[in-house]
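Please read the structure below before turning to the comments.
Every read-out reported here was derived from the displayed coordinates using simple, explicitly stated rules and does not represent laboratory data. The model shown is predicted, which means the values in this text are computed figures rather than measured ones. Every residue, glycine as well, gets a Cβ built from its backbone with ideal geometry; the counts of neighbours run over all protein chains shown.
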Amino acid sequence: MDNAQKSLATDAPRPYHHGDLWHALVQAGLAILREEGVHGLTLRAVARRAGVSHSAPYRHFADKDALLAAIGEDGFNRLSQGMRAVIESYDGDLVALLHGVAHAYIRFVAENTDHVRVMFSGLLSCFDEYPNLAEAAGRSFQDVVEIMQLCQREGLIAAGDPRQQGFMAWSMVHGLANILIEEGFPVAEKTGLDIQQMTDACVDTLIRGLQSPHNGTQVAANSQHVIS
């Protein structure tokens, strides 16, 4: 083998088994976002980072937006898996369930900041164009809605629109998580914070708020679940 052949052999892209390319490209995209930001994200750069041919990404993604949608989809799937693990271990203690899901959410955000910045940054403004993304996001939210429905049936919170209550719960926990990861918030103010304690306090405040009547509905009496 001459030098030119050796060079071609060395520079050849690494092959991926069928089914692995999608995840390899998503991971490469995340690495580029982390190091260079969205302006450095191109399908050509992702292919180079993943070690595949420049044409390989087009097997899965028509353009950069489609790749961003895949990153968002992967993030929502990971989030849902984390929350479902808590839900499936439910033993009848609703307050513990709510705390567990909130901690799973905070943990997901802390461990997947690059996913989160794609999922909630506004980069994904056309969910309807990407059915898999919309389904993954909807599944995550539906998990929260079902928890609200369960809490209503058991009398922990007031009757009402479970979707509205789900949005309230999501926004409250996400707000805390977002402040913890965003660089714009003064780092000095976040130093030494007890994240677990803050998450628990956030959930307790949420429960108290949802125990109040909304739209003329009455709170189901259940002193066993009242947070003092």
Practice problem: Just rank Arg153, Arg49, fewest to most, by other beta-carbon atoms within 10 angstrom. | Solution: Arg153, Arg49
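Take Cys126, Cys202, Cys151 and order them by how many other Cβ atoms sit within 10 Å, fewest up front.
Details: Cys126 10, Cys202 19, Cys151 24.
Taking fewest neighbouring Cβ atoms as first place, the list is Cys126, Cys202, Cys151.
Normalized C-alpha radius of gyration of the stretch 56-128, against 2.2 N^0.38 Å? Spell out each step's value before the answer.
Working: Rg = 15.2 Å, N = 73, 2.2 N^0.38 = 11.2 Å.
The value comes to 1.35.
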